[in-house]
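The values are calculated or read from the model by the stated rules, or taken from the named source; none is laboratory data. Quantities reported herein were computed from a predicted structural model and do not represent experimental measurements. FYI the Cβ positions are ideal-geometry reconstructions off the backbone, even for glycines, and counts take in every protein chain you see. Ligands, DNA and RNA are excluded from the accessible area calculation, which covers all protein heavy atoms including side chains. Shrake-Rupley method; radii C 1.70, N 1.55, O 1.52, S 1.80 Å.
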Amino acid sequence: MNCWELDREALIAFKNGLNDPANRLSSWKGSNFDLRDPHQDGFQFFGSGAIPQTFGNLSSLQYLDLDNSLTLEWQLGLYVDNLDWVTGLVSLKHLDMDAVDLSNVGSHWIMKLNKLSSLTELHLSDCSLSGPIPPLTFVNLTSLVVLDLMSNELNSKIPDWLFLYLGHNDLTASCHQLLGGRWEKIQELDLESISLHGKLPASTGNMTFLTFLNLFSNNVKGGIPSFIGKLCNLVYFDIGKNNLTGTLPEFLEGIENCLSRRPLPSLQVLHLPNNHLVGKSPECLTQLANLVELDLSSGNSLCGPIPASFGILQQNVTYLNLNEDELNGTLPESLGQLSKLSFLDVSSNRLTGIVTETHFLNLEKLRVLDLSSNSFTLAVNSNWVPPFQVETLHMDSCHMGPSFPAWLKSQKRLTDLNLSNTSISGSIPHWFWEHFLNLSTLNVSNNHLEGHLRSHLNYAPTLDIGTVASFDLSSNNFSGASPILSGNFWIIDLSKNKFSSTTPNDISFSNYLKFLFISDNQISGEIPPSIGKITGI
């Protein structure tokens with residue numbers, strides 16, 4: 001049989017392994033094969049069972065997608081007992097076997113795949129591969145650009161020839177070992193959580209084709225090197241949760257090699273959280289014209305003001321997280337120009353000053369706003385209607401009083417609200433309880449709120465019936481009878497108020513309740529027997 005006849009026989013065997021209730025492959029007979037539209041509705045590709053060895057006869061095949069990651073838990077899924085058949089796919093360029101069970105292929109799986117010299121993409125994530133990655137005496141995978149081995153059980157030291165997609169395995173390596181070679185044409189590099197250690201070598205700056213670099217959750221040390229400016233094509237850079245020290249580079253090398261003559265002109269995502277960076281936020285950050293996400297939060301000690309030019313130049317930003325730094329100065333009004341911004345967190349800094357409507361002028365897409373643990377004063381008009389509809393609003397330790405903020409009535413999506421220590425006084429308006437039926441987290445503690453709470457507090461969310469609520473109304477001046485509580489409450493804190501009567505005997509607590517605080521009130525009388533029916537505590 002010639003090569004074409006072998007391919008024909010292989011395709012006939014392939015068809016026999018398919019479930020084709022719509023008979024879309026009726027033309028697959030004799031010498032006639034119609035492969036124009038294999039993804040129509042009703043075309044099911046190997047719902048379960050072993051991948052047939054006859055695939056190995058498709059010597060001209062260039063693209064093979066056996067991705068099994070969407071198989072439901074109760075389905076058997078795909079599996080392979082050996083990879084001998086793969087060696088026949090001599091023209092293959094793309095192989096996707098994500099979530100195919102390869103637990104029985106043995107330790108020589110890479111030797112079989114090493115014979116595919118034309119292969120450019122290989123996806124083997126979540127395939128139950130285990131043990132060390134076998135060494136290769138001769139590397140034949142010279143065309144390989146993308147290799148994904150995530151979520152397996154691989155361990156031991158990473159071989160020198162292999163370093164692409166190895167996240168979430170028990171592997172270790174030094175930065176010099178993995179990045180010190182000649183990898184100029186590599187495009188995507190994912191080394192998340194592999195105990196990578198040491199400093200980034202200067203050769204990293206030679207990876208000028210690199211678009212994706214993920215080093216999250218390792219032990220990379222030293223500073224952010226200035227040579228990353230040479231990575232003109234870099235779109236995604238995450239080096240969060242490492243041991244970086246020093247300052248962010250004031251200037252970046254290699255800008256003259258980028259067509260735009262700007263630093264990192266393609267960069268959209270920059271994540272540097274959970275490190276030990278210090279110093280001021282450099283002006284070069286404001287020159288990242290295509291930036292979409294910036295995270296400098298948690299554990300860094302960046303100081304100085306937020307650059308006023310940031311909101312003018314970064315018009316594409318959707319995510320800005322600067323929490324738990326040591327930033328000072330005021331909040332730039334220019335941030336109100338970030339019309340695409342959906343997440344803004346500047347909490348736990350040393351920021352001060354007055355925040356007005358101008359700071360939120362064009363933030364129509366804002367969903368998360370956290371200004372807490374600073375020294376802001378919110379000064380907005382009493383009839384202000386914000387342009388946004390936030391789901392999370394944290395304003396704790398900001399001065400918002402003395403009146404309860406009426407503009408909250410415009411917020412229809414709130415599920416998480418923290419107004420602790422905001423100097424508000426008076427009573428909670430009646431509309432508040434009716435308006436926020438889906439509020440799962442409420443904290444109005446440490447204020448000057450007074451009056452009676454409504455007699456019955458019930459948390460029965462309409463959007464997500466499985467959620468539980470945490471309400472903290474402590475350290476205020478609420479008086480009268482403590483409210484009847486029902487629904488999916490998890491934490492209730494009514495302590496340090498002036499409630500004067502105990503909870504009624506007919507109270508019905510849910511099984512979700514874990515913490516109930518009613519100390520430091522003026523409650524007297526008998527503890528109701530219904531307290532003993534709270535099974536969650």
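How many nm separate the modelled label positions at Ile354 and Asn290, each set 7 Å beyond the Cα in the direction of the Cβ?
For the pair Ile354/Asn290, the computed spacing is 4.1 nm.
Which value, to two decimals, describes the C-alpha radius of gyration of segment 303-411 once divided by 2.2 N^0.38 Å?
0.99
Report, in listed order, any pair from Lys112/Lys185; Lys241/Lys280; Lys185/Lys340 with a Cα-Cα distance greater than 30 Å.
Lys185/Lys340
Kindly report the accessible area of segment 411-451 per residue (heavy atoms of protein chains, probe 1.4 Å, no ligands, DNA or RNA), in Å².
I get 41 Å² per residue for segment 411-451.
Using a 1.4 Å probe and counting only protein heavy atoms, arrange Asp520, Asp493 so the residue with the most accessible area comes first.
Working: Asp520 100, Asp493 25 Å².
Largest accessible area first, the list is Asp520, Asp493.
Report, ordered by chain and residue number, the lysines lying within cross-link reach of Lys412, taken as a straight Cα distance under 17 Å and ignoring same-chain residues fewer than 8 apart.
Lys365
What part of the accessible area of segment 313-439, given as a whole %, is carbon or sulfur when the probe is 1.4 angstrom?
47
Pick out, from Leu196, Gly223, Phe212, the residue whose Cα sits farthest towards the positive end of the charge dipole of segment 181-231, with +1 on the Cβ of Lys and Arg and -1 on the Cβ of Asp and Glu.
Gly223
With Rg and the Kirkwood Rh both taken from Cα atoms, where does Rg over Rh land for segment 289-358?
Rounded to two decimals, Rg over Rh is 0.93.
Given 5 Å bins starting at zero, what is the percent of C-alpha pairs of segment 394-496 in each, up to the one with the largest pair distance?
3, 12, 24, 28, 22, 10, 2, 0
Would you list, by chain and number, the lysines whose Cα falls below 22 Å from the Cα of Lys533, excluding same-chain residues fewer than 8 positions away?
Correct list for Lys533: Lys514.
Quick one: which residues, 5+ away or cross-chain, put their amide H under 5 Å from the amide H of Leu189? H built at 1.01 Å from N.
Residues meeting the criterion, in which the H sits 1.01 Å from N, are Phe212, Leu213, Asn214.
Can you work out the Karplus-derived ³J(HN,Hα) for every residue in segment 239-254? Use 6.51 cos²θ - 1.76 cosθ + 1.60 with θ = phi - 60°, whole Hz, and x for glycine or proline.
Those phi angles translate into 10, x, 6, 10, 10, 5, 10, x, 9, 6, x, 6, 10, 10, 6, x Hz.
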